[in-house]
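Everything on this sheet refers to the single structure shown next.
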Amino acid sequence: MDASIAAPSTVQPLHPLLTRLLEQTGAAVLDAQSLDAWANLSGLAMLVFAEDPERFKETLDLAVIVPELHARFGRRFRVGLLPPAASRALLPRYGFARWPAFVMLRDGRYLGAVDGIRDWDIYVEELERLLAAEPTRPPGVGIPVLAAGQSASQSCHQDRPEAGPSRPPPVGVKQSGGATFV
């Protein structure tokens, strides 16, 4: 892989389990500047969003789980790791709700995300589903986008009962009453 794609502009020391993830999967360490070039390479990709393990211990669980998933699926996808600062900066692009998380991409296009810690069988089922999925638009952070003159009731982003339960707000987004604060 091109070193300019894999090397972020500033490298923060990684926890040893995140370093192990890099070694076992051949993952690239990414940042906001290198992500797009890496993501747009041809093929399947897993983008791992790591948070500070001192604040979110589950990050270390995911650091152990990702190499196991990578091996379980025959190394069918490349792995990229976003360290904590890059993860926080890029969270709005993909709008997942809990730390840690991974996002699956095909040819740079969003397939879906798995956030939080799950049972092994759930990870396997979700990853199978995502690897077979058609690309779609990432959910973002849940801020509705309206066309000029369009009312909120006409928005394609409104919660609809037939769409099932709404997702919890993304990390860092607080809700009070009907209002959302970032």
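The values are calculated or read from the model by the stated rules, or taken from the named source; none is laboratory data. Quick caveat, the model's predicted, so the values are computed rather than measured. Every residue, glycine as well, gets a Cβ built from its backbone with ideal geometry; the counts of neighbours run over all protein chains shown. With ligands, DNA and RNA removed, areas are computed over all heavy atoms of the protein, side chains included. Shrake-Rupley method; radii C 1.70, N 1.55, O 1.52, S 1.80 Å.
Okay, here's what the table says:
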| quantity | calculated |
| --- | --- |
| Per residue solvent-accessible surface (Å²) - segment 29-116, probe of 1.4 Å | 37 |
| Segment 49-100: C-alpha gyration tensor shape, a/c 1.5 cut-off, then a/b vs b/c | oblate |
| Anisotropy class of segment 1-139 from Cα gyration tensor, a/c 1.5 cut | rounded |
| Cα→Cβ-extended label distance, 7 Å offset, between Arg72 and Arg88, nm | 3.1 |
